[in-house]
Amino acid sequence: MDNSAPMKNLNIQNKQADSLEQKFIAHVRQSDGAEQLLYDHLTGTAEISRALALKIGLPLSGELIGLVHDLGKYSAAFQEYIKECVIHDNYKELGLDEDEEAEILRRGKPTKGSVDHSTAGAIYLKEQFEKLGSSYLKAHTQQKIRRYEGATTGGYDVHLRGITS
């Protein structure tokens, strides 16, 4: 298996995000308002994490951690949070009337960290590893049972049939 470019087959988000109905934003630079798409952020972080983890012999683990570290930014709550932050920071340039500006100021800027985006990746990995572990344990147990079903080892054979039926 070629591990030199494993991210080529990822389908997190189409790179041509402008053609999608919704762009998922990871960051907006305050100095010029430039948006960093979430796809670019996650895959860029994955490349860096992979290179760093290579030093300890775990490049794929590093890459996976980079890919999921901000997975929660795909949530509607985070996308609304980032939109509200941008509106609050740039309301004077938006050409709003006084009432609209007053409403933005009344709402205030969302508090940094008010939307949990960082634990979603850990929860996703936990669920996947639990599924994997459960599948492995089931397959491993069934293989052992099949191996010993025909054995005539006294009560052992009867005991195995008892726990599988």
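The values are calculated or read from the model by the stated rules, or taken from the named source; none is laboratory data. Note that this is a predicted model, so its numbers are computed, not measured. With ideal geometry, Cβ positions are generated from the backbone for all residues, glycine too; neighbour counts draw on all protein chains shown. Remember, those area values only see protein heavy atoms, side chains included, never the ligands or the DNA or RNA. Shrake-Rupley method; radii C 1.70, N 1.55, O 1.52, S 1.80 Å.
So if R0 is 25 Å, what FRET efficiency would S134 and S75 give, r being the distance between their Cβ atoms, rounded to the nearest 0.05?
Calculated transfer efficiency: 0.40.
Residue separation times 0.36 nm, minus the C-alpha to C-alpha distance between I87 and I48: what's the value?
Working: separation 39, 0.36 × 39 = 14.04 nm, distance 3.12 nm.
Taking I87 through I48 to full extension adds about 10.9 nm, to one decimal.
Past 27 Å, Cα to Cα, is the threshold; run K83/K131; K73/K138; K55/K83; K23/K112; K55/K131; K23/K55 against it and keep the listed order.
Table pairs above 27 Å Cα-Cα are K83/K131; K73/K138; K55/K83; K55/K131; K23/K55.
Please compute the net charge surrounding L54, taking Lys and Arg as +1 and Asp and Glu as -1 over other residues with Cβ under 12 Å from its Cβ.
That sum, taken over residues with Cβ under 12 Å, equals 0.
Once ligands and nucleic acids are excluded and a 1.4 Å probe is used, how much of E103 is accessible, expressed in Å² to the nearest 10?
70
Can you compute the modelled spin-label distance between S61 and S31, with each label point 7 Å from Cα toward Cβ, in nm?
3.6
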